[in-house]
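Asker: Can you keep this structure in mind? I'll have questions shortly.
The values are calculated or read from the model by the stated rules, or taken from the named source; none is laboratory data. This one's a predicted model, so the numbers in the text were calculated from it and none came from an experiment. FYI the Cβ positions are ideal-geometry reconstructions off the backbone, even for glycines, and counts take in every protein chain you see. Surface accessibility is based on the protein's heavy atoms, side chains included, excluding ligands, DNA and RNA. Shrake-Rupley method; radii C 1.70, N 1.55, O 1.52, S 1.80 Å.
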Amino acid sequence: MYLLGSIHLGHERFFPLATEIEEAFENSDVILPEINMFEAEVDKEKINKMALFDDNTTLDDVLSEEFYAKLSDIFEAHGMPVETFNHYQPWFVEGLLADLVTKQSVLTPEYGVDLYFLKRALEDDKEIVDLETIETQYEVLSGFSMDTQVQVLESYIETYEEQADWLNQLGYNWVHGNNNSNRDAFVKQLSDRLESVDKEYKQEFNDTRNINMANKLDEILQNDSGQTYFVMVGSAHVVIDPSVPSELEEKGYKIERIY
């Protein structure tokens, strides 16, 4: 089994990737992404219901006056009146801000590493097995306490002007990740982001999911089908302990870094 710490955004100049990564994919029979984006069915009505406050609370009730005003300025600059989103919970609004940042960066979902390999898998008629579902990922985001949601959103608003550069640097450090200094910088970027708010965020967004994914990979390997697997998950799941590799090591597997 090969395990790639991926990045969900990318640039056309990323490809082809390093020989070790490309060969690992070529030598694999089954591809395991977090989600097969080509087959995932998004229930927009269900997600919209999850995103809305379930009582009379509004966004300006939970955000400080200062941060609500800053959010209003950001949205206004993009022709998005903040009042339109006043009934949406902070986790959903943070996702809207992230979309705006992505459009300002040099990275795009179109060249995301996951998408690159999923397209190749379809062309090569390789089997694709999801590790998670769209619903479970949204359940994680919507399941945070309101305090954590507010912390995450206010932190993002506070650093909004820096986020596109942060994202560009993340992509640069990822694609040059075989260089130790870039790898260390990449891990620090992810660690700082996960640990910038209370422990609940890292626990649910990273740790619990890593344990669940490692259990699923263990089950697949225990079945001993004779196939070779290529797993690709967001890099935080590979480099931030308890990570998928560290959990597999705990189960007795030998982990070897090849790139």
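Let's see how each residue does on (1) surrounded by fewer than 21 Cβ atoms within 10 Å (Cβ to Cβ); (2) at pLDDT 95 or above:
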residue	(1), (2)
ALA214	no, yes
GLU219	yes, yes
SER225	yes, no
TYR229	yes, yes
SER235	no, yes
PRO242	yes, yes
GLU249	yes, yes
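Asker: Does segment 28-80 hold any residues that are surrounded by fewer than 18 Cβ atoms within 10 Å (Cβ to Cβ), touching a strand residue (DSSP E or B) at 6+ places or on another chain (Cβ under 8 Å) and at pLDDT 95 or above, and which are they?
Answerer: ASP29, VAL30, LEU52, PHE53
Asker: For segment 83-161, give me every one of the helices (runs of 4 or more DSSP H) that falls completely inside it and has 1 or more residues that are open to solvent by less than 70 Å² (accessible area, probe 1.4 Å), hydrophobic (A, V, I, L, M, F, W, C) and farther than 29 Å from PRO16 by Cα. Before the answer, list the steps.
Answerer: Numbers: elements: 90-104, 113-123, 134-142, 146-158.
Counting at least 1 such residues, we get 90-104, 134-142, 146-158.
Asker: If LYS188 meets every condition in (1) within 17 Å of the chain's Cα centre (by Cα); (2) surrounded by fewer than 21 Cβ atoms within 10 Å (Cβ to Cβ); (3) within 25 Å of GLY143 (Cβ to Cβ); (4) not β-branched (Val, Ile, Thr) apart from one, which number is that one?
Answerer: The number of the failed condition is (3).
Asker: Which condition does ASP55 not pass, out of (1) among the charged types (D, E, K, R); (2) touching a residue at least 12 places away in the same chain (Cβ under 8 Å); (3) assigned to a loop (DSSP other than H, G, I, E, B), if it passes all the others?
Answerer: Checking ASP55 against (1) among the charged types (D, E, K, R); (2) touching a residue at least 12 places away in the same chain (Cβ under 8 Å); (3) assigned to a loop (DSSP other than H, G, I, E, B), the one that fails is (2).
Asker: Looking for something on the phi > 0 side of the Ramachandran plot and not basic (Lys, Arg) - is there at least one such residue anywhere in segment 73-81? Before the answer, list the steps.
Answerer: Taking segment 73-81 and keeping what is on the phi > 0 side of the Ramachandran plot, we get 79.
Cutting the leftovers down to not basic (Lys, Arg) gives us 79.
Yes, some residue in segment 73-81 is on the phi > 0 side of the Ramachandran plot and not basic (Lys, Arg).
Asker: Here's a follow-up. Taking segment 1-27 on its own, how many of its residues are crowded, with 19+ Cβ neighbours inside 10 Å and either assigned to a loop (DSSP other than H, G, I, E, B) or charged (D, E, K, R) (or both)?
Answerer: Result for segment 1-27: 2.
Asker: Could you list, in sequence order, all residues of segment 166-198 that are among the acidic types (Asp, Glu) and outside any helix (DSSP H, G or I)? If you could, list the steps in order and put the result at the bottom.
Answerer: Within segment 166-198, the subset among the acidic types (Asp, Glu) is 184, 192, 195, 198.
Scanning segment 166-198 gives GLU195, ASP198.
Asker: Restricting attention to segment 58-89, and to residues there that are free of Cβ contacts under 8 Å to residues at least 24 places away in the same chain and of a type in the set (Asp, Glu), which single residue is farthest from VAL101 (Cα to Cα)? Please lay out each step first, then the result.
Answerer: Taking segment 58-89 and keeping what is free of Cβ contacts under 8 Å to residues at least 24 places away in the same chain, we get 61, 65-66, 68-69, 72-73, 75-84.
This time we only want the ones that are of a type in the set (Asp, Glu), so: 61, 65-66, 73, 76, 83.
On the way: ASP61: 25, GLU65: 23, GLU66: 21, ASP73: 15, GLU76: 15, GLU83: 20 Å.
Taking the candidates together, the pick is ASP61.
Asker: For the subset of segment 206-249 comprising residues that are in contact (Cβ under 8 Å) with a residue 24 or more places away in the chain and charged (D, E, K, R), which member is farthest from LEU190 (Cα to Cα)?
Answerer: Selected residue: ASP218.
Asker: List the pairs whose first member sits in segment 155-179 and is polar (S, T, N, Q), whose second member is at pLDDT 95 or above and open to solvent by 60 Å² or more (accessible area, probe 1.4 Å), and whose Cβ atoms are under 7 Å apart, counting only residues at least 6 apart or on separate chains?
Answerer: Qualifying pairs under 7 Å: ASN168/VAL106.
Asker: Moving to a separate point now. Find all pairs meeting these conditions: Cβ atoms under 8 angstrom apart; at least six residues apart or on different chains; first residue within segment 90-111 and on the phi < 0 side of the Ramachandran plot and of a type in the set (Phe, Trp, Tyr); second residue surrounded by 14 or more Cβ atoms within 10 Å (Cβ to Cβ) and not in a helix (DSSP H, G or I).
Answerer: TRP91/PHE144; TYR111/LEU9; TYR111/GLY10; TYR111/HIS11
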